[in-house]
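Okay, structure first, notes after.
None of the figures in this text is laboratory data; all of them are computed from the coordinates on show. All of these numbers come straight from a predicted model, not from anything done at the bench. Cβ placement follows ideal geometry from the backbone for every residue including glycine, while neighbour counts extend to all protein chains displayed.
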């Protein structure tokens with residue numbers, strides 16, 4: 001079974017099934033989905049989306065991103081959409097800011113690492129809300145943002161951690177996005193209109209992929225502010241033991 005779902009031109013729409021947990025169970029491929037923006041541009045797309053059974057979509061894009069590329073009524077008729085906008089993760093303002101900088105002053109990998117470290121500042125209440133809705137509902141669901149790699153990647157990492165997936169496996173799921181966008185970085189940058197801004201596309205490759213350092217920066221922030229993932233889950237995200245058990249029962253084989 002392919003991990004990827006070919007829908008609406010999205011190249012990073014995939015399930016998170018088959019990951020082993022610390023207690024020997026495995027995540028369900030028919031429940032856990034993640035991806036970037038997509039549309040149901042054909043009846044075939046609509047049928048493929050319906051086949052996933054997705055009932056809820058957690059959209060972590062910012063308001064300007066949603067205004068630019070909204071989820072269509074066709075999608076909303078099939079799934080309830082929760083808008084949980086997080087601005088860190090949208091690199092548009094940063095890319096605008098570097099257009100006049102000398103190349104030597106541009107370090108997109110460092111900027112992306114810093115952005116991930118900062119994401120939990122604004123994002124923690126949104127991730128808490130995400131888990132609150134997740135526990136309250138049922139059925140297959142999807143986590144998404146614009147490219148399905150940064151905010152989606154962090155949300156997915158937190159979820160997999162809550163389900164008891166091993167840290168190295170969680171990181172492996174995050175890094176699939178690097179494989180997805182490998183050799184497509186410049187195309188992605190061009191599609192974002194960066195050439196028209198006069199930005200050297202080779203300087204911004206690291207914006208359009210992921211590196212281990214990005215997620216590790218998030219985990220570092222969790223360790224520094226909460227003292228570890230377990231405390232972050234219970235205290236910051238308000239995910240009590242019974243809620244985590246409920247999630248595991250719903251999302252694990």
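A few comments on the model shown:
- Efficiency of FRET from Cβ geometry, residue 136 and residue 191, R₀ 35 Å, rounded to 0.05: 0.45
- Ranked by the mean number of other Cβ atoms within 10 Å per residue, highest first, peptides 49-58, 12-21 order as 12-21, 49-58.
- Note on the stretch 1-70 and the stretch 205-239: Cα centroid distance 22 Å, given to the nearest whole angstrom.
- Spin-label model distance (nm) - residue 44 vs residue 240, 7 Å beyond Cα toward Cβ: 4.9 nm
- Linear extension gain, residue 183 paired with residue 3, 0.36 nm per residue minus alpha-carbon span: 62.8 nm
- Net length gained if the chain between residue 223 and residue 78 were fully extended (0.36 nm per residue, minus Cα distance): 48.3 nm
- Over the residues of the chain, the helix contribution to mean residue ellipticity at 222 nm works out to -14000 deg cm²/dmol, using -39500 (n - 2.57) for each DSSP H run of at least 4.
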